Structures are given as C-alpha cells and as structure tokens.
1. How high is the relative contact order of region 73-219, given as a whole-number percent (alpha carbon pairs under 8 Å, six or more residues apart)?
2. Work out the length of the dipole vector of the chain about its Cα centre, built from +1 on the beta-carbon of each Lys and Arg and -1 on the beta-carbon of each Asp and Glu, and round it to the nearest 20 debye.
3. How large a share of the accessible area of region 204-336, in percent, is made up of carbon and sulfur atoms when the probe is 1.4 Å and the other protein chains stay in place?
4. Mean shadow of region 165-308, computed from the convex hull of its alpha carbons, in nm²?
5. Excluding ligands, DNA and RNA, what is the solvent-accessible area per residue of region 47-88 at a probe of 1.4 Å, expressed in Å²?
6. Quick one: which of 23-33, 258-268 comes out on top by average Cβ neighbours within 10 Å, and what's the full order, highest first?
7. If you wrap region 262-359's Cα atoms in a convex hull and average its projection over all directions, what's the area in nm²?
8. Just the accessible area for Tyr255, please: 1.4 Å probe, Å², rounded to the nearest 10?
Amino acid sequence: MTISSAPQITSDLSPNKGRIRMAVAAFYFCQGLAFASWASRIPTIKQHLGLSEAQLGTVLLMLPIGQLLTMPLSGRLVSKYGSHRLLPIVGFLYVANLFTIALAPNMWALALALLFFGIIGNMCNISVNTQGVLAEGIYRRSIMSSFHGTWSIAGFTGALIGLICMTLKLPIEGHFLIITGIVWTLNLLNRKYLAPPAGLQPKKGGFAFKPDRLLISLGIVGFCSMATEGAMFDWSGVYFDEVVHAPKSLIVLGYAAFMVMMAMARFIGDKALSRFGRQRILQGSGILMFVGMAIAVSFPSLMASTLGFMLVGLGVACNVPIIYSVAGKHPTISSGMALAMVSSLSYLGFLIGPPLIGYIAELSSLRFSYGVFSLFGIVLCTMCSILPIFKNS
C-alpha cells in the first residue's frame, strides 16, 4: 500500500501558515505541560497516599482504560466536528482534570480521576495530531517532529516547574493552579488560529472505523516506543530514588535528561528524516532505546543512569512523529480515523507501560522491570527492518 502525500490545504491559508503552525505548536505545548505536571508529582502522590508499587501500577492502569473507552469515539468526533473545534474544548477539560487528581483523598478516588484523565487525554491526542497533519499539508513537508519537540519542551518545563514547586513546598493544588492558568491563557490566545479541515480531499470510509494491516503495524511500532517513553515519564523519579539512590534534589535528573535529549532530537528530526529515511532512523532509534535502558540497569549509578536515560530520550524521539505522519496520509481513511487507531495503540503502550513496570517490580525489582522494557527497543528495530512500508524510505 502506498501512502499519499500530505493532505493539502487551500492556498488562501498560505499567508497565515506561520501563525497556524504557532497555534498548533502551542496546543502541543499545553498538552505536554499538563501531562508532565501530573507525572512530576507522581512520587509525591504515591507517598502521600501510601501506595505500594503494585497499588500505584493498578491506579495508573486507569489511564489506558480511559484511552480504550474512547478509541473509536475520538476519531469520529474529530471527523464529524473538526479538530479545530474539538481541541480547544478538550484542552480546557484536560488541564482542569488535574485538580481532581490533586484532591483525591484515597487510591480509589485517584483511580477515578485518572480514568477521566485518560478519556479526555485521548481526545486531546487525536485532535492535536490531526492538527499536526493538517499543518504538514499547509507546509507540504515534514514538520511533525518539531511539533512533538514542542511537546517534549513542555515536558521538561513541567518537570522544572514541578521541581521548583516541590522545593518551595507548594501544595499540589497550588502547583496545578499555576499550570491551569498557563494552559488556559495559551488556549484562548491560539484557538482561533487552528487549521480548519476545509480544502482536504475527501477519502473513502472517512467515518468508518475499519483499521487495516498498515495501521495495526504502525500502532505496534508506536506501542513499543511509547511503552518505553511511559516508563521514563512515570517511573524515572522513583527509579532514581529507589535504585540509583540519588540525592533528593537530583531525583528529577533522569527525567530531565531524558526530556532534554528527546526534545533536541525532535527539533532536528525532520531534517534527519529527509537525509536518512524512515527505516534507518527507526532502526537506530530501537538500538538506542535498548542500549540506554541496558546501561541504566547494568550500572545504576547517578552518572551512568543519567547517560542511559539520555540515550533512551534520543531513541524514542522521532518514532511517534514518523508513524503519525504516515498514518495521517492514509489513502483511503480520513486522518482523524487513521490517527485514532494508530495513536490509540501507540498511546496504549504509553499508558499500560507504567502499570506493567509496577507489577513486574512488585514480583522482582524495579531494576529488573526496566531490563524487561529494554527489549522493546529490539522489537521496534526488528519490525521496522521487515515492514514493507519502511523499506527504501
């Protein structure tokens, strides 16, 4: 199956394409900031509620459940109403949901809050990546990686704000109030500049949810990458605390190192993709994921683990932008529906990974669970070597 070129937007939008790109990037930033703010306070919430590794894993499982509940619905809503209308609404709700997490008095209330966080997060994810595909159509070249780089910058920013808030001993509610103010302001300033779907070539079966072999294959590749990414987001602080035994002030170092390298790689990813092609980039990414995790597991010192997390950041950086871009250009399925399938399978890895880490750690150790997750890099490299869609590309 061949992939068509990016959906083209009518030329009357050309003078505004820079502002459209800025607006789309702002919404990627908002999403990344909201999620990173939650991720940065996981160790605090775990300690406050007295959760074990297994209990934390169970609670985190509510995120992928919410994801699965809305997998078909999100694509249909985007196809019917347009991502430019849906994204500002779900963007408001996504960050507002942080307060239900912060105010959760026990494990069960936290689980319910995270269920809704997963539901709204899925709708945000499909909407913002559909906007990314539309922006690529305006520019007529690959820019998806830079959007995901903006998301990564937001993740680093969220971690930094979280560190400052913890240093100042600011309550989680106050921390999340600051994040909500930032996100809502950016939402209001940029919502009217999002790319409308006008001018897109209609595709067959645009409203039918019938994934094909290509989309499933792309989803599996994304799953491997984002499962590793999820392990970094939700467990890096705990890993540096319980395995590396880093000083309290440096617990966030692994997460920050991972985020910085991922962001840097994503901002140069589009040029690297043009030079080396999809297959070589993805093969190298899988190897970096494996090597980075292996270093952190084999040598759990502060310097070695930081280096390992940096390599993992490089490894996961360009995988998801590549497969989302390919999926959004599907020749027979609308961008919203194709992205709903691929991003849901991919994001499922991002959300299932952290609970799985917790269960494995409960049975053995957190260090061993990270060793198991290093194998995702090998699986990703192998799949991208044999899938026809990536050969000679």
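The values are calculated or read from the model by the stated rules, or taken from the named source; none is laboratory data. Keep in mind it's a predicted model, so treat the numbers as computed, not measured. Positions of Cβ are generated from backbone atoms using ideal geometry, with glycine treated the same way; all protein chains shown enter the neighbour counts. Protein only, heavy atoms only, side chains kept; ligands, DNA and RNA dropped before computing areas. Shrake-Rupley method; radii C 1.70, N 1.55, O 1.52, S 1.80 Å.
1. That works out to 37 percent.
2. 1320 debye
3. That share works out to 70 percent.
4. With every direction weighted equally, the projected area is 13.2 nm².
5. 43 Å²
6. Values: 23-33: 24.6, 258-268: 22.4.
Ranked by mean Cβ neighbours within 10 Å, highest first: 23-33, 258-268.
7. Average projection, Cα convex hull of region 262-359: 7.5 nm².
8. Here the residue's solvent-accessible area equals roughly 10 Å².
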